[in-house]
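The values are calculated or read from the model by the stated rules, or taken from the named source; none is laboratory data. This one's a predicted model, so the numbers in the text were calculated from it and none came from an experiment. Cβ sites come from the backbone with ideal geometry, for glycine too, and all protein chains shown count toward neighbours. The area values use the complete protein model at the heavy-atom level, side chains included, leaving out ligands, DNA and RNA. Shrake-Rupley method; radii C 1.70, N 1.55, O 1.52, S 1.80 Å.
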Amino acid sequence: MTIDKDDLLNSIIESLDRIQHIKLEDIPNIDLYMDQVTTFMEKKLKNTARHPEEDKILTKTMINNYAKNDLLPPPMKKKYSKEHVVLLIFIYYYKGILTINDIQALLNPLTERFFHEERFNLGDIYTEVFGLEKSHVDLLKEDVVQKYKQAKGTFSDAPEENREMLQLFSFICMLSFDAYVKKLLIEKMIDGFYQEAGEEKRRGKRQNPQKKDENNKT
C-alpha cells in the first residue's frame, strides 16, 4: 500500500480499493510442500507488506514455529493441505495485532471442529468471513474520510508553517486510537475464549474421572 502525501485522502481511498484477499479458489487444491507454500504466500501477499522488497511474508522458520505453538496441525508426509494454507492466511493477518497465545485461542477451536471436515470446513469459514470484505471496505472508507475532515479542522491557531504537519498528526492519532480500542475489544473477547475453553476442560475432567484414574494407573 503506497500513500501519496501530496494527495493524501484520495491516495488512501484508492489504496483501500486495491486491498484484496486471497480467494479460496486461488489456493491450490493439491497438497503442497513447504517451499511451495511459502512461494504461494509470497506471491499473493507481497503487496501488503510495508517494505515489499525486504519483508518476508512467510518463511520455513515461521511455519515450524506455528506448528510448535499448536497453531498449525502437522503436515501429512511433509505436505500441507488447502486448509493448512487457510490457517496460515488467518495467522498472517492476525500476527500484526495479536500475540501467539491469542491467535491460538482464536484458531484452535476452529481447527479442532472443522479441520478436514467434509460437510463444513475451514474453507467454508474462510469464504464466509472474507465475503464481508467489500461492505467492510466501503464502511472503512467512509470512516477514514470523516476522520480526515475532522483532522483538517484541528490546529487552526497553530503557526501556518506547522499546521499541515500537526493536522497529519491529528489524523494519525485518530486512526491509532481507533485501532487501539478495537485491539482492546478483540483481546477482551479472546479472554472469553480462554475462560470458556478452561471451563469446558474442567467439565470434561469432572465427567470422566474414571478415565483419569485409568491414566494414573498406567
Taking the Cα atoms of the chain alone, what are Rg (to one decimal) and Dmax (as a whole number) in Å?
-> 22.1, 80
Pop a pseudo-label 7 angstrom from the Cα along the beta-carbon direction at both T127 and E160 and give the gap in nm to one decimal.
-> 5.9 nm
Give the cross-link partners of K43 among the aspartates and glutamates, using a straight C-alpha distance below 17 Å as the criterion and excluding same-chain residues fewer than 8 apart.
-> E25, D26, D35, E53, E54, D55
Which FRET efficiency value, to the nearest 0.05, do you get for H136 and T61 by plugging their Cβ-Cβ distance into 1/(1 + (r/R0)^6) with R0 = 45 Å?
-> 0.90
Rounded to the nearest 20 Debye, what is the dipole magnitude of the chain about its Cα centre when Lys and Arg each give +1 and Asp and Glu each give -1 at the C-beta?
-> 1200 debye
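Could you pull out the pairs from K44/K188; K23/K188; K23/K60 whose alpha carbons sit more than 25 Å apart here?
Details: K44/K188 31 Å; K23/K188 29 Å; K23/K60 23 Å.
Result: K44/K188; K23/K188 exceed 25 Å.
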In nanometres, what is the gap between the two model label sites at I186 and A49, each 7 Å from Cα along Cα-to-Cβ?
-> 2.1 nm
State the extension gain, in nm to one decimal, for the chain segment bounded by L168 and Q195, taking 0.36 nm per residue of separation less the distance between their alpha-carbons.
-> 5.6 nm
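Could you tell me which of rounded, prolate or oblate describes segment 104-198, using a ≥ b ≥ c as the square roots of the eigenvalues of the alpha-carbon gyration tensor, with rounded for a/c under 1.5 and, failing that, prolate when a/b is larger than b/c and oblate otherwise? Kindly include the intermediate steps, with their values, before the conclusion.
Values: a/c = 5.05, a/b = 2.37, b/c = 2.13.
Prolate, since a/c reaches 1.5 and a/b exceeds b/c.
Ordering R113, R119 from largest to smallest accessible area (1.4 angstrom probe), what's the sequence? All intermediate terms of the calculation are to be shown ahead of the outcome.
Working: R113 120, R119 225 Å².
The ordering from most to least exposed comes out as R119, R113.
In deg cm²/dmol, rounded to 500, what helix-only [θ] at 222 nm does the chain give when every DSSP H run of at least 4 residues adds -39500 (n - 2.57) and the total is split over its residues?
Details: 9 runs with 145 residues, N = 218.
Value at 222 nm, helices only: -22000 deg cm²/dmol.
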